Amino acid sequence: MSSSPPIPSHEEPPAASSQPIPAAAPQQPRPSLAELFVAFATISLSGFGGVLAWSRRMMVEERRWLTPEQFNETYALCAILPGGNILNFSVILGSRFHGALGAIAAVAGLMGPPLLLVLGIGAIYAHYGELPALRHMLTGVASAAAGLMLATVAKMARPLFRSGAITPPLIAVATFAAIGVLQWPLPLVLAVIVPASVAAAWLRL
Amino acid sequence: MNAGSNTLLTLAGYFALLSLFAIGGGNSAVPEMHRFAVDVEHWLSDRQFADSFALAQLTPGPNIIIVTLIGYHVAGVLGALVTTLAMCGPAGLFAFFVGGASERFKGAVWHGVLNRALVPVTIGLTAASAIVVATTAGYNWLAAAITLGTALTAYFLPVHPLWAFAAAALLGLSGWM
């Protein structure tokens, strides 16, 4: 799947005239539970090379469950919530249409098919994982995935380092050093870094 | 794969906690999973962890599906289900309640502040994931060359991940033969 976490958008809040999300405009269809399940299963299974692009195409362009503004707004929220962005997206979208049941249907669609697939893959790996040919191919894939992540980092970091602000690049480097080099526990590192970063963002340092 | 209820409890508790610390998606929690699963609990070897990561990348669906593979490796199908539920549950509940309340805060100041604050953290975490995966996958020159080559290509050209993975798998195979 995609190695690129969607870059949180910095779009302006939508104009006051845009429809609030629960009270969708009349021309916007309201999906059933089954439709939610199928939509997220489809997004999940076609989710190579960016779940963001796929979910946008389906939700905004094909099924018109969301306007472009609603999509951006929802995704920006998902990016600041803990957990996978697309998981949060499925929970929030499902619950907006059908409450808790809608959230469950959407998450089941998102996680169910890849869960079954990966169980099959895991069973095959348990039998053949020691085959030298397979091991060398997987080493190649893991190395390439690391490379894709590095490219994503470089693209995300470019505007950060060009902005002229000193603190955000420092936060990025400190996070990298604590987790990637020193290999400290994530909760401890985040407990220090996130408040510091929020303070810096608040004061626009 | 003989797992007692203790192992299942450890899996459930650890991944439930981790789900609340995965900022910017599943891949940013990879170094922490490696630290715990390989270094602390010795559930997997470095090699098996790197393989699980590669297999998760090859599976369509969210990146966090790597936790399903880890759970399966540690405690079979039950372990896979427990781990997946633990990784989705707390974060999902959080999103459920915040998503419901978010209408009232639309366009609020904290939204922009949090967004600006989390971008550099996500960048640092993703870079750390790349380094941990690259060094776990293999120290040989071929693995390093694949990582650097993919990074440069994907930075300058729009590369579909599947093509990158296919090319890298063939390179890995040819390097061995």
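Please give the number of the condition residue A:165 fails out of (1) outside any helix (DSSP H, G or I); (2) within 28 Å of residue B:163 (Cα to Cα).
(2)
Let me confirm something: among A:94, A:84, which residue is at pLDDT 90 or above and under 24 Å from residue B:86 (Cα atoms)? I'd like the intermediate steps shown before the answer.
Details: A:84 fails: at pLDDT 90 or above.
Only one candidate passes the filter, namely A:94.
Looking at segment B:96-104, can you tell me whether even one residue there is out of contact with any strand residue (DSSP E or B) (no Cβ under 9 Å at 6 or more places or on another chain), crowded, with 24+ Cβ neighbours inside 10 Å, modelled with pLDDT of 90 or more and not basic (Lys, Arg)?
Within segment B:96-104, none of the residues are out of contact with any strand residue (DSSP E or B) (no Cβ under 9 Å at 6 or more places or on another chain), crowded, with 24+ Cβ neighbours inside 10 Å, modelled with pLDDT of 90 or more and not basic (Lys, Arg).
For segment B:60-78, give me each residue that is crowded, with 24+ Cβ neighbours inside 10 Å and either under 9 Å from the mean Cα position of the chain (by Cα) or modelled with pLDDT of 90 or more (or both). Walk me through how you get there before you give the answer.
We begin by selecting, within segment B:60-78, every residue crowded, with 24+ Cβ neighbours inside 10 Å; these are B:61-72.
B:63, B:64, B:65, B:66, B:67, B:68, B:69, B:70, B:71, B:72 - these are the residues of segment B:60-78 that are crowded, with 24+ Cβ neighbours inside 10 Å and either under 9 Å from the mean Cα position of the chain (by Cα) or modelled with pLDDT of 90 or more (or both).
From the list B:67, B:74, B:121, B:82, pick out the single residue that is in contact with a Ser or Thr (Cβ under 6 Å, 6 or more places away or on another chain), part of a helix (DSSP H, G or I), touching a residue at least 24 places away in the same chain (Cβ under 8 Å) and closer than 20 Å to residue A:123 by Cα.
Values: B:74 fails: in contact with a Ser or Thr (Cβ under 6 Å, 6 or more places away or on another chain); B:121 fails: closer than 20 Å to residue A:123 by Cα; B:82 fails: in contact with a Ser or Thr (Cβ under 6 Å, 6 or more places away or on another chain).
From the options B:67, B:74, B:121, B:82, the qualifying one is B:67.
Filter segment A:122-147 for residues that are surrounded by fewer than 20 Cβ atoms within 10 Å (Cβ to Cβ) and more than 17 Å from residue B:170 (Cβ to Cβ) and give the result.
The answer is A:123, A:124, A:126, A:127, A:128, A:129, A:130.
Within segment A:141-149, identify whether any single residue is touching a helix residue (DSSP H, G or I) at 6+ places or on another chain (Cβ under 9 Å), without any contact (Cβ under 8 Å) to a residue 12 or more places away in the chain and not hydrophobic (A, V, I, L, M, F, W, C), and answer yes or no. Give the derivation first.
Our first condition is that a residue be touching a helix residue (DSSP H, G or I) at 6+ places or on another chain (Cβ under 9 Å); within segment A:141-149, this holds for A:141-149.
When the remaining residues are screened for being without any contact (Cβ under 8 Å) to a residue 12 or more places away in the chain, the result is A:141-144, A:146-147.
The next check asks that each one be not hydrophobic (A, V, I, L, M, F, W, C); those that pass are A:143, A:147.
Yes.
Hey, does segment A:148-164 have a residue that's crowded, with 18+ Cβ neighbours inside 10 Å, facing chain B (nearest Cβ under 7 Å) and of a type outside the set (A, V, I, L, M)?
Step one: list which residues in segment A:148-164 are crowded, with 18+ Cβ neighbours inside 10 Å, which gives A:148-153, A:156-157.
Adding the requirement that they be facing chain B (nearest Cβ under 7 Å) leaves A:148-153, A:156-157.
Adding the requirement that they be of a type outside the set (A, V, I, L, M) leaves A:152.
The answer is yes; a qualifying residue exists.
The values are calculated or read from the model by the stated rules, or taken from the named source; none is laboratory data. Because the structure is a prediction, the values reported are computed rather than measured. Because the Cβ atoms are built from the backbone with ideal geometry, glycine has one as well, and the counts that use them run over all protein chains shown.
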